[in-house]
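Notes follow the structure.
The values are calculated or read from the model by the stated rules, or taken from the named source; none is laboratory data. Just so it is clear, the structure is predicted and the values come from calculations on it, not from any experiment. Because the Cβ atoms are built from the backbone with ideal geometry, glycine has one as well, and the counts that use them run over all protein chains shown. Each accessible area value is taken on the protein alone, full model and side chains, heavy atoms only, with ligands, DNA and RNA left out. Shrake-Rupley method; radii C 1.70, N 1.55, O 1.52, S 1.80 Å.
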Amino acid sequence: MKTCQILIALIPVILVYQVRSEDFVEIKAHSSQLFVPFGEFVWVNCSTSDPKETEYESRLKKNITTKGPNWIATQVIVDDWENSTLHCLYIGDKTAVPSVQSPTTVLAYAVPSNVTVDLETAVEEGKEYTINCTVQDVAPLEYLTINVFRGEDVIDHKSYNGPHVVGKKTESHVYKYTASRQDHNKNFTCEAVLQLGAETKSVRSPEITVQTYTLPESPDIRVQEWIERGTVTTAECLIANAFPPEEVKVKMFVEETQVVVDTAQTNEGNVKSSAELNTTDLSLGSKTIRCESDLFTLTKDATAKVNIYDHPTLAFNLSSNIVDLDEEVTASCNVTNEHPQAYVMRIIMDHREEMTAEDSTIIHTITANQRTPRISVTCTAFIANSSISQSSTQTLEVHYAPSSPTVTVSTNATIQTGYPLNITCQSDGLPAPTYSWQIPNNAKVVYSPDRSSIIIHTAASTHNGTYTCLAKNAHGEMSSKQEVTIVPVELPIVWIVIGVIAFIALAIFIGIVGYIYWKKGRKGFYALLTSHNNRKPAQHNIPTESPNNKTTGV
């Protein structure tokens, strides 16, 4: 009974509420925008104060619809590339309640099936290259951004902001850049990014590693210009500023024959190669040395000229090696081995050039007009345009009469008796002159083995006079005189004074000593006399001497 009364009492309230609900229906979609992979199902939810009178309106095919106390949800298949708007709306008495709806836009998308990056893997420094990013089967295009990465750094990007493009598309983006060394060994990638509301979908391409290279300068060849055949020499090839230096490949050739090279990197980052050139089997003359440097697609080379030579072999003769003064001599010189290049011949006499000719033979007449014992005559052959030469020297002996002799005295031309003295004679001539002397009569002297000197051990008055030296050879003779004066020895006054004083001192000394001894003698005599007078004569034991043995002392 009581329950029935309560229900009856609530009927007006329920009616009032129902009327108010119809007047104020609240509908609100949970999402205003949904991104759904194309061909997949998606639930669309809506809150409503009247689920029974609320429905979803959509051109997308609805699969399932379900309702709750204050919500409604429907599942649709997203099989249309056009953007679709689903409306959650009130379908009750629209005359009593104004039209109430809440839209949800559904957009189909497709994650790219593949992203690729296309660029050259070996690039030359300073040149422009293209990076091509390709994004395949992506939708919707207006939400796509393509990023270009070098390592982890984005170096370029492109965004597509509309209008809406229906369906999946393949999109490319081209980026041009100038290659630099900082790109070396870096990984380049492309990335496709779909910004789907709060959600992001991204796909990256595989990485491509780029090598940057440069070969800005031609090789520098360093090798001797002239190389003697049969020797081994080193040829060097320097490649400067190449990058990366460790990738440089170097080849060297003599003419068309490749030789073995050793390659090393210097501290400055340059590349230095060297090759040992054995010239034993090379022919004489000019040869080409070529150095080739290769770096990826770049090739640069350089050439240098070298000359393989043999030293000239000379035949050099004088018509005579012994001549008289002012006599002529013929010098003939020729090169007995051949060389592809011409020779320059030169005759030199005592370091003075006499004749030069561009030929392999030279003949020259020399006049021996120098008053000198020996003249050196040299023939030199040069290989043209080089410093390569060979020389041969002959000695020419020139004969001439003696010159005026020079007579010298060892100390002084005036000398005291008793002193030694040497007199020397010297004369220039070839053949060497012989010497003879004219000396004072009765002068006793000693001659040196070649008789060029007179030796006087003790000068005497007999050595006083004129000494004449005569120098002679096959071409003539010359003489010179020298006066020698011998003077007596004179004692200096000081020595005389010293002698007198010494004599007086000696005499005084002898007088004093004699007087002392005289005094002592007298004292002895008187003492002896006194002793004799006081002695008594002996009366016995006196021996009797025989008259025949008697000696009288005086």
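Just a few scattered comments:
- Residue in region 200-210 that is at pLDDT 95 or above, over 16 Å from Lys300 (Cβ atoms), open to solvent by less than 60 Å² (accessible area, probe 1.4 Å) and under 21 Å from the mean Cα position of the chain (by Cα) present: no
- Close pairs (9 angstrom Cβ cut-off, 6 or more residues apart or separate chains): closer than 16 Å to Val306 by Cα and open to solvent by 100 Å² or more (accessible area, probe 1.4 Å) in region 251-278, outside any loop (DSSP other than H, G, I, E, B) and of a type in the set (Asp, Glu) anywhere: Glu276/Asp262
- Verdict on Lys300 being basic (Lys, Arg), open to solvent by 70 Å² or more (accessible area, probe 1.4 Å) and modelled with pLDDT of 95 or more: no
- Sole exception among (1) of a type in the set (Asp, Glu); (2) closer than 30 Å to Phe296 by Cα; (3) in contact (Cβ under 8 Å) with a residue 60 or more places away in the chain; (4) open to solvent by 50 Å² or more (accessible area, probe 1.4 Å) for Glu82, by number: (2)
So that you can scan it fast, the table gives a plain yes or no per residue for (1) free of Cβ contacts under 8 Å to residues at least 60 places away in the same chain; (2) out of contact with any helix residue (DSSP H, G or I) (no Cβ under 8 Å at 6 or more places or on another chain); (3) surrounded by 16 or more Cβ atoms within 10 Å (Cβ to Cβ); (4) over 23 Å from Ala401 (Cβ atoms):
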| residue | (1), (2), (3), (4) |
| --- | --- |
| Pro433 | yes, yes, yes, no |
| Ala443 | yes, no, yes, yes |
| Ala459 | yes, yes, yes, yes |
| His463 | yes, yes, yes, yes |
| Asn473 | no, yes, yes, no |
| Glu477 | no, yes, yes, no |
| Lys481 | no, yes, no, no |
| Thr485 | no, yes, no, yes |
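- Test: residue in region 260-273 that is within 30 Å of Ala384 (Cα to Cα) and out of contact with any Gly (no Cβ under 6 Å at 6 or more places or on another chain): no
- Of all the residues in region 184-195, those that are open to solvent by less than 10 Å² (accessible area, probe 1.4 Å) and either farther than 17 Å from His157 by Cα or not hydrophobic (A, V, I, L, M, F, W, C) (or both) number 1.
- Looking across region 334-350 at every residue that is more than 26 Å from Ser283 (Cβ to Cβ) and part of a strand (DSSP E or B), the one that is nearest to the chain's Cα centre (by Cα) is identified as Arg346.
- Flag not set for Pro449, criterion: open to solvent by less than 50 Å² (accessible area, probe 1.4 Å), outside any strand (DSSP E or B) and over 22 Å from Leu325 (Cβ atoms).
- Test: residue in region 383-392 that is closer than 24 Å to Glu477 by Cβ, open to solvent by 50 Å² or more (accessible area, probe 1.4 Å), assigned to a strand (DSSP E or B) and not aromatic (Phe, Trp, Tyr): no
- Residue within region 240-252 that is within 22 Å of the chain's Cα centre (by Cα) and at positive phi present: yes
- Residue match in region 48-59 (condition: farther than 15 Å from Leu89 by Cα and surrounded by fewer than 17 Cβ atoms within 10 Å (Cβ to Cβ)): no
Matching residues to (1) loosely packed, with under 13 Cβ neighbours inside 10 Å; (2) hydroxyl-bearing (Ser, Thr, Tyr); (3) modelled with pLDDT of 90 or more:
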| site | (1), (2), (3) |
| --- | --- |
| Thr330 | yes, yes, yes |
| Val335 | no, no, yes |
| Tyr343 | no, yes, yes |
| Thr356 | no, yes, yes |
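- Residue within region 176-183 that is out of contact with any Cys (no Cβ under 9 Å at 6 or more places or on another chain), modelled with pLDDT of 95 or more and buried (at least 19 other Cβ atoms within 10 Å of the Cβ) present: yes
- Hey, Ile155 open to solvent by less than 20 Å² (accessible area, probe 1.4 Å) and within 60 Å of the chain's Cα centre (by Cα) or not: no
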